[in-house]
């Protein structure tokens, strides 16, 4: 698979893998920091950004095959990697397969929800996707305003007003224009569950980072992630939602460089706390209410632009 990618910096190669509906631009908050020390390769996954969709089904398995083919073609097998959200699950799957990646940092991986969490994830993200698509005519104005981002991004960020305006615009554009979005969302919620990796099978460093205020992949899901990947270590990002690269970019960059440079990370910096201590996420009703408010405000702005006062 010929994935579109950007490449910056020098040093040992480092692969960046975005999440559902994202693109390589999802990493703009920290790509330059990483490129100061590493040869950073940020890809667009199939059906995202400038990479065309696959000819067949889009799933974690087929995306993993596509990334493996890309790395093989570019003689990058064994590369260190960082993934976010769906991309975080993808790098875990590649680590489980063995021989594809080196050190791995997985940021708020999807796919470890169970029971009632599955329909909450599916319907809330599906609604977000529909709203973002409907609001594309006014999205630059919404994403460019601190108030707009506060209403637009509470599901994904603990501090949505502080998210960089251009980053929000880029993410909302790619979110609405990914032809693989709906299929992958269904696969993540209802497709094949993540297969476990036997203890001792992953010998390279593996760290799973999680935002304490993640409202997409709830912090309690970290228990199942660690059960399935017992060789992993867990790192908590305080005051952080689903995307550490949005809410805590400097800390995320430090963690990524430390893990992939094989530096010793003090135990005091790693997670020992019970996931139950994590700050509860918004209730589903609050997320739906915020989304409906966004829809109403966005349509009001759109109609106002279409019918200016004379």
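The values are calculated or read from the model by the stated rules, or taken from the named source; none is laboratory data. What you see is a predicted model; the values in this text were computed from it and never measured. Every residue, glycine among them, receives a Cβ derived from its backbone with ideal geometry; neighbour counts consider all protein chains shown.
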> Which number in (1) assigned to a helix (DSSP H, G or I); (2) modelled with pLDDT of 95 or more; (3) crowded, with 18+ Cβ neighbours inside 10 Å marks the one condition that residue 118 misses?
Replying inline: (3)
> Between residues in the stretch 49-60 that are farther than 23 Å from residue 170 by Cβ and residues that are exposed (fewer than 14 other Cβ atoms within 10 Å of the Cβ) and at pLDDT below 95, which pairs lie under 8 Å by C-beta distance while being six or more apart or on different chains?
Replying inline: 59/192; 60/192
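Here is a yes/no grid of residues against (1) in contact with a helix residue (DSSP H, G or I) (Cβ under 9 Å, 6 or more places away or on another chain); (2) without any contact (Cβ under 8 Å) to a residue 24 or more places away in the chain; (3) farther than 24 Å from residue 56 by Cα:
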| residue | (1), (2), (3) |
| --- | --- |
| 66 | no, no, no |
| 83 | yes, no, no |
| 88 | no, no, no |
| 95 | no, no, no |
| 106 | yes, no, yes |
| 116 | no, yes, yes |
>> Could you check the stretch 172-182 and list, in sequence order, the residues that are in contact (Cβ under 8 Å) with a residue 60 or more places away in the chain, in a helix (DSSP H, G or I) and farther than 15 Å from residue 137 by Cα?
In response: 181
> Residue check: is residue 132 outside any loop (DSSP other than H, G, I, E, B) and modelled with pLDDT under 95?
Replying inline: yes
> Of the residues in the stretch 141-169, how many are farther than 21 Å from residue 113 by Cβ and touching a helix residue (DSSP H, G or I) at 6+ places or on another chain (Cβ under 6 Å)?
Replying inline: 16
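Can you give me the ranges of the strands (runs of 3 or more DSSP E) entirely in the stretch 1-57 with at least 1 residues that are over 19 Å from residue 108 (Cα atoms) and in contact with a helix residue (DSSP H, G or I) (Cβ under 7 Å, 6 or more places away or on another chain)?
Numbers: elements: 5-8, 13-17, 39-43.
Because the criterion is at least 1 residues that are over 19 Å from residue 108 (Cα atoms) and in contact with a helix residue (DSSP H, G or I) (Cβ under 7 Å, 6 or more places away or on another chain), the strands (runs of 3 or more DSSP E) in the stretch 1-57 that meet it are 5-8, 39-43.
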> From the list 69, 65, 80, which one is over 27 Å from residue 165 (Cα atoms), assigned to a strand (DSSP E or B) and modelled with pLDDT of 95 or more?
Replying inline: 80
>> Can you confirm whether residue 109 is at pLDDT 95 or above and assigned to a loop (DSSP other than H, G, I, E, B)?
In response: yes
> Are any of the residues in the stretch 236-244 without any contact (Cβ under 8 Å) to a residue 40 or more places away in the chain, out of contact with any helix residue (DSSP H, G or I) (no Cβ under 7 Å at 6 or more places or on another chain), surrounded by fewer than 23 Cβ atoms within 10 Å (Cβ to Cβ) and closer than 29 Å to residue 57 by Cβ?
Replying inline: no
>> Only one of 262, 223 is touching a strand residue (DSSP E or B) at 6+ places or on another chain (Cβ under 7 Å), surrounded by fewer than 18 Cβ atoms within 10 Å (Cβ to Cβ) and touching a residue at least 40 places away in the same chain (Cβ under 8 Å). Can you tell me which?
In response: 262
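For the condition surrounded by fewer than 18 Cβ atoms within 10 Å (Cβ to Cβ), in contact with a strand residue (DSSP E or B) (Cβ under 7 Å, 6 or more places away or on another chain) and under 26 Å from residue 29 (Cα atoms), what is the one hit in 78, 102?
On the way: 102 fails: surrounded by fewer than 18 Cβ atoms within 10 Å (Cβ to Cβ).
Within the list 78, 102, the selection yields 78.
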